Amino acid sequence: MAWNSSVVMQMGRFLLLVILFLPREMTSSVLTVNGKTENYILDTTPGSQVSLICAVQNHTREEELLWYREEGRVDLKSGNKINSSSVCVSSISENDNGISFTCRLGRDPSVSISVALNVIFPPLLSGNNFQTVEEGSNVKLVCSVKANPQAQMMWYKNSSLLDLEKSHHQIQQTSESFQLSITRVEKSDNGTYTCTAKSSLQTESLDFHLIVKDKTVSVPVEPIIAACVVIFLTLCFGLVARRKKIMELCMKDKDPHRETAL
């Protein structure tokens, strides 16, 4: 029993020495961004500036850090790479919404942490404000929209909520547009259409002016050209035939003069 106890104690000491003298590279390092240890979403607004500071926790050696904007690597100064690294995102715009920044451990890219920008802004509307179409044709009024949070969209006509007719109106909405299609435009469709976007921040509107003009009567060009060709050829043949008759009369007129001279 004493022998067994001695063996157990020696094995315990050996295991303890192994743990104490593990290679430094096997020590697990943890990355943090602005003090957070997990991926997170950062709320911001257009025109603002944010700083992202990445740091290595539990490191036993100097660790190189890498920053990425989406899939593209961010250029860092030499003194902004070891153990702690920061990036500054300035002049944030609506187009930066959803963009992610990722900090990675240089020797082990699988160790990383990401921050996604959530740019909050009111609705922004744009589109072709004036359209002129012929009666009986089809037209599309496309209202381009950007908003975060997403806005509730509506169409108005002459300041009143548009009464949609199933066979005459069609609405299509995507994350970036709100489209009104009108089939076989009538004179009664003439007017001002308003695209309205309502979000928790504010409500924005954009007017679209639709002018319906009378349908023009199209003149068939091909039949007219064919008729002109026929008339031209008829005149040519007529002139040729008349020339022959004129020549014959001239010959008859010359013969009597010759006989009188004799």
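The values are calculated or read from the model by the stated rules, or taken from the named source; none is laboratory data. Because the structure is a prediction, the values reported are computed rather than measured. Please note: Cβ atoms are built from the backbone with ideal geometry, for glycine as well, and neighbour counts cover all protein chains shown. Just the protein is used for accessible areas: all its heavy atoms, side chains included, with ligands, DNA and RNA removed. Shrake-Rupley method; radii C 1.70, N 1.55, O 1.52, S 1.80 Å.
Taken over region 118-157, the criterion of being in a strand (DSSP E or B), small (Gly, Ala, Ser) and surrounded by fewer than 17 Cβ atoms within 10 Å (Cβ to Cβ) is satisfied by SER126, SER144.
On the given criteria, is SER160 free of Cβ contacts under 8 Å to residues at least 24 places away in the same chain, open to solvent by 60 Å² or more (accessible area, probe 1.4 Å) and either under 21 Å from the mean Cα position of the chain (by Cα) or more than 16 Å from SER137 (Cβ to Cβ) (or both)? Considered against the rule, which asks whether it is free of Cβ contacts under 8 Å to residues at least 24 places away in the same chain, open to solvent by 60 Å² or more (accessible area, probe 1.4 Å) and either under 21 Å from the mean Cα position of the chain (by Cα) or more than 16 Å from SER137 (Cβ to Cβ) (or both), SER160 comes out as yes. Does ASP163 satisfy being within 20 Å of GLY47 (Cα to Cα) and of a type in the set (Asp, Glu)? In short, no.
Count of region 47-97 residues, restricted to those that are touching a helix residue (DSSP H, G or I) at 6+ places or on another chain (Cβ under 6 Å) and either at pLDDT 95 or above or not hydroxyl-bearing (Ser, Thr, Tyr) (or both), is 1. For region 24-59, what are the residues that are surrounded by 12 or more Cβ atoms within 10 Å (Cβ to Cβ), outside any strand (DSSP E or B) and more than 35 Å from the chain's Cα centre (by Cα)? Those that are surrounded by 12 or more Cβ atoms within 10 Å (Cβ to Cβ), outside any strand (DSSP E or B) and more than 35 Å from the chain's Cα centre (by Cα): SER29, HIS59. Can you work out which of the residues in region 184-223 that are hydroxyl-bearing (Ser, Thr, Tyr) and loosely packed, with under 13 Cβ neighbours inside 10 Å is modelled with the lowest pLDDT? Once the filter is applied, the top-ranked residue is SER218. Condition first: surrounded by 12 or more Cβ atoms within 10 Å (Cβ to Cβ) and part of a strand (DSSP E or B). Can you find one or more residues in region 90-98 that meet it? Looking for residues that are surrounded by 12 or more Cβ atoms within 10 Å (Cβ to Cβ) and part of a strand (DSSP E or B), one finds none in region 90-98, hence no.
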